[in-house]
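Visitor: Below is a structure I'd like to ask you about.
The values are calculated or read from the model by the stated rules, or taken from the named source; none is laboratory data. Since the structure is predicted, the reported quantities are computational estimates derived from the model, not experimental observations. For neighbour counting, all protein chains shown are included, and Cβ atoms are generated from backbone atoms with ideal geometry for every residue, glycine included. The protein model used for the area step is the full one, side chains on, heavy atoms only, and it has no ligands, DNA or RNA in it. Shrake-Rupley method; radii C 1.70, N 1.55, O 1.52, S 1.80 Å.
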Amino acid sequence: LPPAIIAPSILSADFGALGKECSDTIGQGADWLHVDIMDGHFVPNITFGAPVVTKIRSHVDRPKAALGKGTFDCHMMISEPKKWVKDFQKAGCDLYCFHYEAAIDSTAAETPEAHSDQKTSPKELIKYIHDHGMRAGVAIKPKTDVNVLYDLLDGSNKDEVPDMALVMTVEPGFGGQKFMPDMMPKVEALRKRYPNLNIEVDGGLSEKTIDTAANAGANVIVAGSAVFGAQDPRDVIAKLREAVEK
Ligand code: DX5
Ligand code: ZN
């Protein structure tokens, strides 16, 4: 199994003190920072864009190895994932995780013109992200079948193969929602087929739900409210890690 990676979601951090929140959570034992980018279109909520990522990046040491400690794991809940690759690369994103649904849905873009300009297949988009020196992740929403990822993960051209799969365990858009255990068959299927794959779960992870996710085979654990709402975030991060490692 690949190593346990704990990635607190800064969606639940204090946005008025984001730089410090980021460096604090790394100091408390987090491996990555999970950075939720929402455009108010792909999901019914808005967070922030590349200029904010640029500013908070300077508060955290860059990872020494690919996907090492300090990795900025940007979860792109946006309708036009190709359009923002350059800006996020410049802002210091290390792992650009787009939604499969946004890459294939021709209705996702605001105007047909905008879309035709940016239209790309998931494979092309993965290559484009790699060409920009970032790792690529592909996320699927709860209603999306896990099978769509197999074609990508089985690809023979490694430039087009994702470095991580993100199985959403809530409908994307908001922190603090209830974990969906019925997503675990997706994680199990992925772990069975790809023993070394980084499999991330996002939504409703806490000390209560971590065993379910870890037993299914998830190794990259996102937790927003469970970490930032805790009295002792260090303890929560340690407990999440223990559950994955045991
Ligand atoms: C939801 C976001 C999550 C969110 C998780 O759309 O993708 O990363 O911050 O928050 P919790 O851990 O509170 O469910
Ligand atoms: Zn997320």
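Visitor: Set the bar at 26 Å for Cα to Cα. Now go through 20/246; 69/143; 55/208; 186/246 and name every pair that lies beyond it.
Guide: 20/246; 69/143; 55/208
Visitor: Give the long-range amide H neighbours of residue 177: residues separated by 5 or more places, or on another chain, with amide H under 5 Å away, using H modelled in the peptide plane at 1.01 Å from N.
Guide: Under 5 Å from the amide H of residue 177: 204.
Visitor: Could you give the size of the charge dipole of the chain about its Cα centre, using +1 on the Cβ of each K and R and -1 on the Cβ of each D and E, expressed in debye and rounded to the nearest 20?
Guide: 460
Visitor: Give the residue from 165, 121, 240 lying farthest towards the positive end of the charge dipole for the chain; charges sit on Cβ (+1 for Lys and Arg, -1 for Asp and Glu) and the dipole is referred to the Cα centre.
Guide: 240
Visitor: Taking a ≥ b ≥ c as the square roots of the Cα gyration tensor eigenvalues, with a/c under 1.5 meaning rounded and otherwise prolate when a/b beats b/c, else oblate, which class fits the range 1-153?
Guide: prolate
Visitor: Non-local amide H neighbours of residue 168 (under 5 Å, H modeled in plane, Pro and chain starts lacking H): which ones?
Guide: Here the answer is 140, since their amide H atoms fall under 5 Å of that of residue 168.
Visitor: Mind listing the phi-derived Karplus ³J(HN,Hα) values for the range 65-78, rounded to whole Hz, using 6.51, -1.76 and 1.60 with θ = phi - 60°, and x for any glycine or proline?
Guide: Karplus values, whole Hz, x for Gly and Pro: 10, 4, 6, x, 4, x, 4, 8, 9, 8, 9, 8, 8, 9.
Visitor: Then there's this: Amide H of residue 9 versus every other amide H placed in the peptide plane: which residues, excluding those fewer than 5 positions away on the same chain, fall under 5 Å?
Guide: It is 34, 223, 224, by chain and number.
Visitor: Give me the accessible area per residue for the chain, probe 1.4 Å, as a whole number in Å².
Guide: For the chain, the per-residue accessible area is 44 Å².
Visitor: Right, something else. With +1 on the Cβ of every Lys and Arg and -1 on the Cβ of every Asp and Glu, and nothing else charged, how large is the dipole of the range 177-235 about its Cα centre, in debye rounded to the nearest 20?
Guide: The dipole magnitude comes to about 260 debye.
Visitor: Leaving out ligands, DNA and RNA, what percent of the accessible area of the chain is carbon and sulfur, probe 1.4 Å?
Guide: 50
Visitor: Then there's this: Between residue 208 and residue 174, what is the label-to-label distance in nm when each label sits 7 Å out along the Cα-to-Cβ direction?
Guide: Spacing of the two 7 Å Cα→Cβ label points: 1.6 nm.
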